[in-house]
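> Quick one: the structure is below, questions incoming.
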Amino acid sequence: MISDSLADIRKIQKDVQYTIALAGNPNVGKSTIFNRLTGLGAVTANYPGKTVSLNIGSADYKGTKIGIIDLPGTYSLGTLSDDQLVARREILEGRADVLVSILDATNLERNLYLVIQLLDLGFPVIIGLNLMDLAAKQNICLNIEELSRLLGVPVIPLVGTTGEGLDQLIAMCLSVARGETKLQPRLPKYGKDINHYLNGLSRDVGRYLKKIPYHLSPRALAILLLEDDEEFKALIKKEKKCSLLGKRLKDVRAEIQRTHGESASLRLTRERHGYEGTIVDRVQSIGVCRPSISSRLWRLSLEPITGLPILLAGLAAVFSLMYYIGGFLSRGFDRIWSLYVSPHIIHLVQALLGNTPVSRTVLWGLDAGVQASLSVGVPYILTFYFLLAFLEDTGYLNSVAFLSDSVMHKIGLHGRSAIPIISGAGCNVPAILGTRVLTTYREKVIASTLITLVPCSARTAVIMGAVAFFIGWPWALAIYVIDFIIGVLVGRGLAVFLPGESSGLVMEMFPFRMPKFSTILKKTWFRFKEFLIVAIPIIAIGSLLLGFLYETKLMWQITRPLSFIIKGWLGLPAVAGICLLFGILRKELALQLLVALAIIHYGTGIKDLSSFMSNQQIFIFALITTLYIPCLATISVLVKELGWKTAAGISLLTITIALIVGGLANQLLNIFHLIR
């Protein structure tokens, strides 16, 4: 569910007793914790004027209803990107009862900066120390009690993937929200001169300003002004006595510049990092031990010399499992349906409607359409989603992003963009939404275009269910290779013609972890159920419509205008053009309608495409299906994220590429007779 405003957030805050906001950098498992707390019952609310959204949900804890907001990942409260700006806005304006800062226990020093900022601004903070299982494996010992004492805030150790510590976290949040905790947040300790300047500015703020924005304390506003925060500089200019405060602020900045040789904002940043390091030194100790196998594999995956072979081996393993497991399931579903289900459906429909065009049209949807879904869509999509969930849960996708950074720069992107592009192999829609983490519009356009060229699970079902199944795995692999080459060329072309430069890679890295089987199954089912609920009805309805066109002979009239391109240039049967048009609804629909057409056209005794199309036609059909714009859902999200003009441009680009590449491939295969 998508909301165009923050009305859902405000509504949740009215309907619940307390509100918790989860903050932290993008790679500390914050989303996993949010999903566990809300049971995946989340709503996405788009922030006005931004392409960044907040996940919101609710949870019941011992009779208390709690609203939970998952803020965009951020390392600080600066405003360098949309993610940081939206997180900052919601922290300042939302005024959640409790802010939970999720930290990475394996990299504490990198994560404490945001906590120190929140303490500076006087927010009620709880630390959720996640990835404690990985810290233990790396022999990182953390004194939780000392960390809590030094900061004056509760610290709860967590293992988000298993849910360990979440009960204690919620209980502590309620305790803080109700004012039942005895802990008092400690103000960060800086150098004597910095503290002296802050104390003086705090008094000046209290003297000159009657009303402080967002109910901040005088000290909090003094810090923001000293950091040269543009928003708060603009706000105080509206006050009558702002000139006196501005003069005082200018003097303090000049004094810090003179004594420290750097700007006040930079000096304050250094002071925070110094305070951060002091705390880590006191609470963390690292034992001397041999790295675990997972840590050693992780390091190997980051080195180009070893990482590239690992990546290729991983891709080969995924392809092989898709080919063998998907093929096994496909044959099984097809056999079971043909022997035990199809005869009964045919008998029932013909008993009710007779052997008439109407009954045959109904059988297109109820028999052939559903059989095609089970024998083509389910085996390969289900297998792929399971493999994707496995790779995600091990943390390997982050290594791929890091490894691909230098290559990505050549096409105008950086390694962080590799994650949404890779996730496009599952579904292009959430992958395009994932480009919101990129900082420039140029990067989003390039990444979104490349994502539309990534074979999603639906297109993988076409490649595996048609090419690999009937022609062989080398030809299925050839489609992936062609698609990859085209993606590189398109990315390089966009990088050259679109103005601007790619930004640097900033992302957290952590070692591999043992995937949890129950988590993999939940992720697989959460993604796969959408296919069962949405795709199968669409495929059945599409089959009915195609059956109507076939039985009424309208199909041949519709395909006649397309025959020059479909038959002449691409070498496909005329009806394939209709199926390609239907494929815009969902890509696997194109192949499954062809399967249904083969079954109806040739009778129940002939069940596969090989009796309806040649091997070369099957290959060309799958290649075109892989390249042209994925589906209506993808087009709609492109319009939402990039505007209708850019979405139309991407759609036309992919259609043009598909027709050109498909036609050239057909002509070359005709000349060299490569497919027998």
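> Over the Cα atoms of the stretch 338-397, compute the convex hull volume and normalise it per residue, giving Å³.
84 Å³
> Related question: Tell me, Arg178, Arg527, Arg258, Arg149 in order of fewest to most beta-carbon neighbours within 10 Å?
By the 10 Å Cβ count, ascending: Arg258, Arg178, Arg149, Arg527.
> Let me ask something else about it. Test of understanding: what is the full-extension gain from Thr656 to Gln257, defined as 0.36 nm times their sequence separation minus their Cα-Cα distance?
Result for the pair: 137.8 nm of gain on full extension.
> Measure out, as a whole number of angstrom, how far apart the alpha-carbon centroids of the stretch 123-147 and the stretch 170-242 sit.
If we compute the Cα centre of each part, the gap is 27 Å.
> Further question: Which FRET efficiency, nearest 0.05, do Asn355 and Ser217 yield, Cβ-Cβ r, R0 60 Å?
It comes out at approximately 0.15.
> By the scheme Lys and Arg +1, Asp and Glu -1, what is the net charge of all other residues having a beta-carbon under 15 Å from that of Ile650?
+2
> Say the cut-off is 21 Å between C-alpha atoms; which of Lys210/Lys233; Lys444/Lys640; Lys65/Lys522; Lys444/Lys645; Lys529/Lys640; Lys62/Lys522 go over it?
Violating the 21 Å Cα-Cα cut-off are Lys65/Lys522; Lys529/Lys640; Lys62/Lys522.
> How much net charge surrounds Ser202 when only the other residues with a Cβ under 13 Å from the Cβ of Ser202 are counted, with Lys and Arg +1 and Asp and Glu -1?
+2
> Order by neighbour count: His215, His260, fewest other Cβ atoms within 10 Å first, most last.
Placing the least packed residue first, the sequence is His215, His260.
> Please work out how much length the chain gains when fully extended from Glu231 to Lys567, using 0.36 nm per residue of separation minus the C-alpha to C-alpha distance, in nm with one decimal.
The Glu231-Lys567 span can extend by a further 114.8 nm.
> Calculate, for Val488 and Glu109, the FRET efficiency according to 1/(1 + (r/R0)^6) with r their C-beta to C-beta distance and R0 45 Å; round to the nearest 0.05.
With a Förster radius of 45 Å, E is 0.75.
> Reported to two decimal places, what Rg/Rh ratio describes the stretch 192-286 when computed on Cα atoms with Rh from the Kirkwood expression?
1.04
> Under a crude label model (7 Å from the Cα following the beta-carbon direction), how far is Lys247 from Leu266 in nanometres?
Result for the modelled spin labels: 2.9 nm.
> Give me the number: length gained by fully extending Val407 to Trp644, i.e. 0.36 nm times residue separation minus the C-alpha to C-alpha distance, one decimal in nm.
Going from the current span to full extension adds 82.4 nm.
> Suppose each label sits 7 Å from its Cα in the direction of the beta carbon; what would the Leu187-Leu664 distance come out to in nanometres?
6.8 nm
> Modelling each spin label as a point 7 Å along the Cα-to-Cβ direction, I'd like the Leu92/Phe328 distance in nm, to one decimal.
For the pair Leu92/Phe328, the computed spacing is 5.8 nm.
> Sticking with this structure for a sec: Is the shape of the stretch 124-199 best called rounded, prolate or oblate, per the rule: a/c under 1.5 gives rounded, else a/b larger than b/c gives prolate, else oblate, with a ≥ b ≥ c the square roots of the Cα gyration tensor eigenvalues?
Values: a/c = 3.17, a/b = 1.47, b/c = 2.15.
It comes out oblate by the Cα gyration axes.
Bear in mind that the values in this text are calculations on the coordinates, not laboratory data. It should be emphasised that the depicted structure is a prediction, and the values quoted were computed from it without experimental measurement. All Cβ positions, glycine included, derive from the backbone under ideal geometry; neighbour counts span all protein chains shown.
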